[in-house]
């Protein structure tokens, strides 16, 4: 490499510190060709003899980032998706801090940045061509991977121009296209990862195939919070194929626990060896823990004053009518279909990793979800990460506990080791979405006007789970997510938080705490609407300020549902909305009663507010999926502990929605708003309250506990 | 350990394995075809579905030793019949996969459905496919893709 310096500028976008290097490599004072043979206009676009490659730093877990990032860059670069190869990045330094996926952030945070990356490269390619031809850059255009000079009918391919372009200055504020000229953004373009996924060619983390690789299955303490005391591997070592039995520590947030890893020539042999282990666990007193006791404790804690999340006016004034309710939700597992897994090869100081992760940046250095190298005392330069397609993330793969554990296993083996968790391991070991309990209180005037609103959240805390020294006198704002930022105007409001001590590792689950708090909040709004003898949609509209984003969404919901036209007898509907960091959506759910008294979820109407839309069909797909996931969480058993052990294990005891349970989903996308909002998560929070409200409308039975204790077809 | 002959995608593989090892791991880790996925290990999710002599089976529940050399195994990599290509094309037309992890199993099951029932009703599809979990929730698209494939398979075969 004859790269002597690197000119770059750093573009920061969004509150999370998403950083992109929009730069180019060049040889100072030396116009000779760069010896790598590949011309890099920015790290995100590579042009060489084999063509154009665009790098995707936001791991693809189903949400469509593989296409979204490439199309934002390609649109401005003026290449079609058919002309490019797309590669996922692996936490390499040059791709910056934005190498992660979560929070529905790929487009809402990267929309302008990615377009600028493409636009800057295009300007450089045009300039290079214009210099070659001795014409003005303004007289040239770019299209389909070529620069054209129309008046002289000349053209040069990007491949031919890459070297000259790479020696030019990077424009700091490249001109972006007028959206009316977009060729793919805003259109339902086919996703380029899909052909790979219908032919079995897409490589997921679990598909890593490293020469000389052996396999491992790890027995972890069944009692959450416990750890290894001692083990006897005599019988396990006699199982044919078993090579070694070692202990390995797993760290997640403030918790660590040691398990016993059986390493064998095949995964099957490792599983047989694991069954033959004799282990003495130190269960540290957690073996008496029961979820039912903990739930009772949460109910009791609801009498505490709590920490103030947000207060407005005074809720202590007497109201003519008072409504009080208590809502409960369970822990749930993420259950990605690809079980947790990680392959590691430790060669001296060098560590090579193959896995599915939402946070490549944190696996190779400091990032949003922590810093694995510094945690484990590894030099970041010694880590190489191969990040595969992700077989479902949903927040679970924001945590790198399974990577830490696999490194600790592989350190004790002179071969690459693939650690595969069973489905039961994946369900039983956490981390889990925390349960939240909500104490609600509202006051109405004699004229049925809402005068006060209170939401108290009682729950374990994300921050308390993540950090050993979390200051418990502070509100964990992840646990009160959204309750104080709805656009409703309440004359008097008081939202509070009571932290409950816990010993079970907690994790963000698709739409984070909005997945539970929206249920309490929006069902309670419904209760207040009924108390005030108002239509639930009218009641919500009446609480909105003029021109709020929520108002726009509620009006659209009224339109697409034909809200004002009564449903036929035997059918009913309910609605809800939710506005949180990831975005905004409102939903209406239509239900009916079957002959045997079970509830049928017939139809779901969804309005999602986006500001701009990249791929409408993909938005629809994401919303459909979010609704299906929310239906499962609302109606299927959650995660419970008995004698310290998670009671659920596989898809029989921890079920997810199946095809015969999936309702029809109708999606309307709004793009009039000024703010760009997320896609992957907002379709989830309004579903459970809309369903609960629909069931109330149908049966007059108010469901205040998830999973709903009612029979569904 | 035992020497077992497997015919996978019309190719014979001679492997040395514990006959109790599930076919899934033999396919993935010994033969090296990674398109068939591990989801639950209990026959509850369908991600590991392959065809054995045209019938869908859960490879995670099938000991490799129970299969004879004469039996023909088809995995997603070998999905190359006219019907399978029509199904894959329908999957692309309806943009079915999200994360994609379950889709090999979905397509192998859908193929078996359309072979035994070329014109399935919506209920037929639901009944046949409900053993296959898609955590991303692509069910309505799977349903539409099967309906499109059924139509294309019948119209194209008539012409």
Checklist entry - In deg cm²/dmol, rounded to 500, what helix-only [θ] at 222 nm does the protein assembly as shown give when every DSSP H run of at least 4 residues adds -39500 (n - 2.57) and the total is split over its residues? => result -8000 deg cm²/dmol
Next on the checklist: I'd like the orientation of helix B:82-93 relative to chain B: the angle between its Cα long axis and the longest Cα principal axis, in ° from 0 to 90, rounded to 10.
Outcome noted: 60
Checklist outcome for this item: Quick shape check on the protein assembly as shown: root eigenvalues a ≥ b ≥ c of the Cα gyration tensor, a/c under 1.5 is rounded, otherwise prolate if a/b tops b/c, else oblate, and it reads rounded
Checklist entry - Per Stokes-Einstein, at 4 °C and 1.567 mPa s, what whole-number D in µm² s⁻¹ belongs to the stretch A:156-236, with the Kirkwood radius over Cα pairs as the hydrodynamic radius? => result 63
Checklist entry - Taking the Cα centre of each part, how many Å lie between the stretch B:32-68 and the stretch A:414-489? => result 39
Checklist entry - How do A:289, A:389 rank when sorted from fewest to most other Cβ atoms within 10 Å of their own Cβ? => result A:289, A:389
Next on the checklist: Can you tell me how chain B classifies by the Cα gyration tensor, rounded, prolate or oblate, using a/c under 1.5 as the rounded cut?
Outcome noted: prolate
Item to check | Bins of 5 Å from zero: percent of alpha-carbon pairs in the stretch B:2-75 | outcome: 3, 19, 32, 29, 13, 3
Next on the checklist: Taking the beta-carbon count within 10 Å as an exposure proxy, list B:134, A:140 from fewest neighbours to most.
Outcome noted: A:140, B:134
Checklist outcome for this item: Expected sort for A:233, A:356, A:452 with the fewest Cβ neighbours (10 Å cutoff) up front is A:233, A:452, A:356
Checklist outcome for this item: Between the modelled labels at residue A:324 and residue A:379 (7 Å from Cα along Cα→Cβ) the distance in nm is 6.4
Checklist entry - Roughly how many Å is it from the Cα centre of the stretch A:177-198 to that of the stretch A:79-101, as a whole number? => result 16
Item to check | Cα centroid separation - the stretch A:353-401 against the stretch A:114-158, whole Å | outcome: 39
Item to check | Simple label model, 7 Å out from Cα along Cβ direction - residue B:130 to residue A:249, nm | outcome: 4.8
Checklist entry - Label-point separation (nm) for residue A:48 and residue A:447, each offset 7 Å from Cα along Cα-to-Cβ? => result 7.4
Checklist entry - Given a Förster radius of 56 Å and the C-beta distance between residue A:229 and residue B:53 as r, what FRET efficiency does 1/(1 + (r/R0)^6) yield to the nearest 0.05? => result 0.65
Checklist outcome for this item: Quick calc, residue A:310 & residue A:501: beta-carbon distance into FRET formula, R0 30 Å, rounding 0.05, result 0.80
Checklist entry - residue A:141 to residue A:182: FRET efficiency via 1/(1 + (r/R0)^6), r the Cβ-Cβ distance, R0 22 Å, to the nearest 0.05? => result 0.90
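Bear in mind these aren't lab numbers, they're just calculated from the coordinates by the rules spelled out. All of these numbers come straight from a predicted model, not from anything done at the bench. Ideal geometry is used to build each Cβ from the backbone, glycine not excepted, and the neighbour counts take in all protein chains shown.
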